[in-house]
Amino acid sequence: MTELPMDIRAIMEVLPHRPPFLLVDRVLELEAGERILGIKNVTMNEPFFPGHFPGQPVMPGVLIIEAMAQLAGILALAGAGRSQEAGSIFYLAGVDKARFKRPVTPGDQLRMEAKLLVAKRTLTKFSCRAEVEGQLACEAEIMCVEARA
């Protein structure tokens, strides 16, 4: 059983991602095989803000999707009591029904949730949401495929 909340060190034991591409800061809730709740603290120090967009920084939508996919990966691995050292890795395989409802800017806390929809052999599908202050920022169905590293 994974001890909660999971801090950044515990997350790095599960995911192979490292800064600046590690986009989950903390896991608050984890129900194995069902759902996970985590956060990404968005700061002005993010490496993408100088170019997206100068004078009006906005977190790129693809990185919001990636943050939700990383959270889903934690559910798939930690929820099953596994870590990155187990010899497999989860790759993003598809994104369906993605919708962006509000911009995410420096100072926001992205509160993300992933729910397991389907788990078949090496393919998993999740329903994901990201909110800022209770307002929906993004939602999508995310598919991941497990491969041996």
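Every number in this text was worked out from the coordinates using simple rules, so none of it is lab data. The shown structure was predicted, so the numbers you read here are calculated from the model rather than taken from an experiment. As a convention, Cβ positions derive from the backbone with ideal geometry for all residues, glycine included, and neighbour counts pool all protein chains shown.
Which whole number of Å³ per residue matches the convex hull of the alpha-carbon atoms in the chain? Working shown, then result.
Numbers: hull volume 15.4 nm³, N = 149.
Cα-based convex hull of the chain, divided per residue, equals 103 Å³.
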- Item | Structure-based [θ]222 nm, the chain - -39500 (n - 2.57) summed over DSSP H runs of at least 4, per residue, nearest 500 | -5500 deg cm²/dmol
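Please tell me the relative contact order of the chain in percent, rounded to the nearest whole number, where contacts are Cα pairs under 8 Å and at least six residues apart. Walk me through the intermediate numbers first.
Details: 317 pairs, mean separation 38.0, N = 149.
That works out to 26 percent.
Sorted from fewest to most neighbouring beta carbons within 10 Å, what does the list S127, S88 look like? Please report the intermediate quantities before stating the final value.
On the way: S127 18, S88 14.
Going from least to most buried by this count: S88, S127.
Please identify every one of the GluC sites (Glu not before Pro) in segment 1-80 that sits in a loop by DSSP and has no more than 13 other beta carbons within 10 Å of its own beta carbon. Present the calculation step by step, with values, prior to reporting the outcome.
Numbers: sites: E3, E13, E29, E31, E34, E66; in loops: E3, E34.
Answer by residue number: E3, E34.
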- Which of the aspartates and glutamates could a cross-linker bridge to K115, judged by Cα under 15 Å and excluding same-chain residues fewer than eight apart? E29, E31, E34, D96, E131, E139, E141
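How big is the charge dipole of segment 1-145 about its Cα centre, in debye rounded to the nearest 20, if each Lys and Arg gets +1 on its Cβ and each Asp and Glu gets -1 on its Cβ? Let's see the in-between values first.
On the way: 16 positive and 17 negative charges, 81 e Å.
The calculated dipole for segment 1-145 is roughly 400 debye.
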- Note on the structure: Longest principal axis of the chain (C-alpha) makes with the long axis of helix 61-78 (C-alpha) an angle, in degrees to the nearest 10, of 20
- Projected label distance in nm at T43 and E141, using a 7 Å step from Cα toward the beta-carbon: 3.7
- Note on the structure: The ratio Rg/Rh over the Cα atoms of segment 7-94, Rh being the Kirkwood inverse mean 1/r radius, stands at 1.00
